[in-house]
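The values are calculated or read from the model by the stated rules, or taken from the named source; none is laboratory data. Bear in mind the structure is a predicted one, so any value in this text is a computation, not a measurement. Neighbour counts run over all protein chains shown; Cβ positions are idealised from the backbone, glycine included. All accessible areas refer to the heavy atoms of the entire protein, side chains included, with ligands and DNA or RNA removed. Shrake-Rupley method; radii C 1.70, N 1.55, O 1.52, S 1.80 Å.
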2 protein chains.
Amino acid sequence: MRPLTHPSIDDITVEGILHALSDPVRVRIYAQLACAEGANSSCSAFLQMEDRCIPKSTLSQHFRALREAGLIRSERRGVEMLNTTRCDEIQQRFPGLLPAIMHAHAIQSGKPLPPDPEDQSSD
Amino acid sequence: MRPLTHPSIDDITVEGILHALSDPVRVRIYAQLACAEGANSSCSAFLQMEDRCIPKSTLSQHFRALREAGLIRSERRGVEMLNTTRCDEIQQRFPGLLPAIMHAHAIQSGKPLPPDPEDQSSD
DNA sequence: CCCATAGTTCGTAACATACGAACTCATGAA
DNA sequence: TTCATGAGTTCGTATGTTACGAACTATGGG
């Protein structure tokens, strides 16, 4: 089992981020992580998302995609995995990108957030 | 030859936009169109982009991808094609999304724009 | 009508993705 | 230490997507 690889902040690309978040399952995972930061962030917490039941091998691949795009950081916590977003780093490198995407996603889901408190604006 | 299809603004999805712009060639095309709005926007203008030479069948597919994602509008102008971005419409539906993406892309390309005048902030 | 130019579509090879089966790793019980 | 269990990963394969050359369609000019 190869050790988890995380790209350095400078190797993170816009294309990579967009591609990772262009998958509906992955945005949902990412949105969950971004909301419940630090809470129940193990992979298994997503085994039964709202409506669909996603097989765990597929979930594992999705987490890997998010990880290799630089969107999340995963570390072992005993038998589980602790997943956290790297939004602070990405905000440094690409200010406003993630908030804008998540905001648009919220609009599309019919639950537009109130104007985000600490986001959106270019750093 | 089927007539060009453009999704209605309500059928445009965030995932579709992100996927379309997650391809390096397509962002470059889109960026060009967004900059030189109305100028030389035919497909053939992109036949020899900066470094790579992209075959025209491939280019055609890229334009179709952008069109079907709702990012551009294409109409015949005689023998050519006039391509224009639909950024105003998209700005209505997903405020700040495209500016943030293009801004991030500019940063990555090493030419960060000055803080965008009318963008970024959550309407 | 014939030709040239601008794009599109088709066919196929290369690449990417989804998911079940089989695996690894950490932990806890015996 | 050994075995069992739960959490994730990797592999193999079927299915989908993408790239690009060849053949096609449309428009405009002689």
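Quick look at the values:
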item	result
Shortest-first nm distances, B:PRO24 label point to equivalent points in other copies (7 Å, Cα→Cβ)	3.1
Axis proximity, chain A to B: residue whose C-beta lies nearest, plus whole-Å distance	A:ALA100, 2
Global form of the protein assembly as shown, assessed from the alpha-carbon gyration tensor, a/c cut-off 1.5	prolate
Phi-based couplings in Hz for the range A:95-112 (Karplus 6.51, -1.76, 1.60; Gly and Pro marked x)	x, x, 5, 5, x, 5, 5, 5, 5, 4, 5, 5, 4, 4, 6, x, 10, x
Summed buried accessible surface, chains B and A, 1.4 Å probe, nearest 100 Å²	2200
For the protein assembly as shown, accessible area per residue (1.4 Å probe, heavy atoms of protein chains only), Å²	54
Net charge of neighbours whose Cβ lies under 12 Å from the Cβ of A:THR58, counting Lys and Arg as +1 and Asp and Glu as -1	+3
The protein assembly as shown - percent of accessible surface contributed by carbon and sulfur, probe 1.4 Å	51
Chain B: calculated mean residue ellipticity at 222 nm from DSSP helix runs of at least 4, using -39500 (n - 2.57)	-12500 deg cm²/dmol
Nearest-first distances (nm) between copies at B:HIS6, label 7 Å from Cα via Cβ	4.4
Inter-copy spacing of A:GLN48 label points, which lie 7 Å from Cα along Cα→Cβ, given in nm from shortest upward	6.1
Long-range amide H partners of A:SER41 with built H, under 5 Å	A:ASN83
Global geometry of chain B, whether rounded, prolate or oblate, following the gyration tensor of its Cα atoms and the 1.5 cut on a/c	oblate
